[in-house]
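As C-alpha cells, the structure follows; a few thoughts come after it.
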C-alpha cells in the first residue's frame, strides 16, 4: 500500500490580530529511486538510474512513464515485472522501485550515465548536456487532423481542478490530465513535481495501451517547461495546454516538433504559441 500523499501538522493561523490553533495538511515529498534489472537470465545486472523527489502514490506509473519518456523502453511489454525493493533503512521502504526488463532489451550503458538527480521543480537541471534531452520519439505529430473547439478548451481547467483531490487538501501539488476533443477527462495524476505528474500520467496511459496519445491533449496545472513538451512529444500528444506560462525553449521545441502549445488557459481565455491550426474558434 502506498504511503499517504498528505501529512497533517499542527499550525498557528494568524488572521489580523487573531491567533488560532488549527490542523493543516502538507503535500508529502520523498525520494524515489528507480533501479533497473536487465540482461540475460544467467548474467542479470542492476543499475540505479534516477532519484527523483516525488509525492508517494502511483509510483509504478511514475517509474514506467519515466523510462518511456526518457527513451529507455519503447513499450510496456519490455517490462517483465516491477516491485518495491526491500530496504534495510525503514525510511526507504516503498521508496525504491526495481524494474525488471525483459532479456531482449538492449541498454546503452553510456547513455544511462547521463541520468541524474532530479528535484521536484525541474527534471532537466542535472542532465549532463543539452544534447542529451533531445530524446527522439517513435511517433509523428505531422499531418494530424485533430481539432479542438475553443468552447471545450475553456472548460478544461475547472474539470482538472474538480479532480485534484490532494490539491484540495494541501494546495501544493501539480496535476497533469488527458482530455479528448470533447473535453472529457480520461486520466489525471498529481505530484509535487510537474514532470513527475506527467510521467505518472504517461506511465498509466502506456499500461492501458493508449499510446500513441494522438487523440488527446495534455493539460498541466502550472507552467509549461521544455521537459514537459519533450515528454508529451514522446507519447505522441499533439497539444499541450498549461494554466500558466510556457518557457521560450518549450515553445521552440513545440514549433519544431509540430505540437500545438497553449498557455494561460484560464478565465475563458488563452494564448496560442504554436500550430494554431488545431484550435477551432467556436
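The values are calculated or read from the model by the stated rules, or taken from the named source; none is laboratory data. All values reported here derive from a predicted model rather than from experimental measurement. Cβ atoms come from the backbone with ideal geometry, glycine included; neighbour counts cover every protein chain shown.
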If the requirement is being modelled with pLDDT of 95 or more and surrounded by fewer than 24 Cβ atoms within 10 Å (Cβ to Cβ), which of these qualifies: 222, 193, 203, 209?
209
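Which members of segment 86-123 meet the condition of being modelled with pLDDT under 80, in a loop (DSSP other than H, G, I, E, B) and out of contact with any strand residue (DSSP E or B) (no Cβ under 8 Å at 6 or more places or on another chain)? So that I can check it myself, show each step before the final result.
So in segment 86-123, the residues modelled with pLDDT under 80 come out as 87-93, 108-123.
If we keep only those that are in a loop (DSSP other than H, G, I, E, B) too, we end up with 87-89, 93, 108, 113-116, 119-123.
Within segment 86-123, 88, 89, 108, 113, 114, 121, 122 meet the criteria.
Restricted to segment 244-266, and to residues that are assigned to a loop (DSSP other than H, G, I, E, B) and touching a helix residue (DSSP H, G or I) at 6+ places or on another chain (Cβ under 8 Å), which residue is surrounded by the fewest Cβ atoms within 10 Å (Cβ to Cβ)?
The initial filter retains those residues of segment 244-266 that are assigned to a loop (DSSP other than H, G, I, E, B), namely 244-245, 247, 257-259.
Applying the additional criterion that residues be touching a helix residue (DSSP H, G or I) at 6+ places or on another chain (Cβ under 8 Å) yields 247, 257, 259.
Values: 247: 16, 257: 18, 259: 25.
Among those that are assigned to a loop (DSSP other than H, G, I, E, B) and touching a helix residue (DSSP H, G or I) at 6+ places or on another chain (Cβ under 8 Å), it is 247.
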Can you tell me which condition residue 209 does not meet? The list is (1) out of contact with any strand residue (DSSP E or B) (no Cβ under 8 Å at 6 or more places or on another chain); (2) assigned to a helix (DSSP H, G or I), and all the others hold.
(2)
Just to be sure I understand, how many residues within segment 1-55 are in a loop (DSSP other than H, G, I, E, B), touching a residue at least 12 places away in the same chain (Cβ under 8 Å) and loosely packed, with under 13 Cβ neighbours inside 10 Å?
2
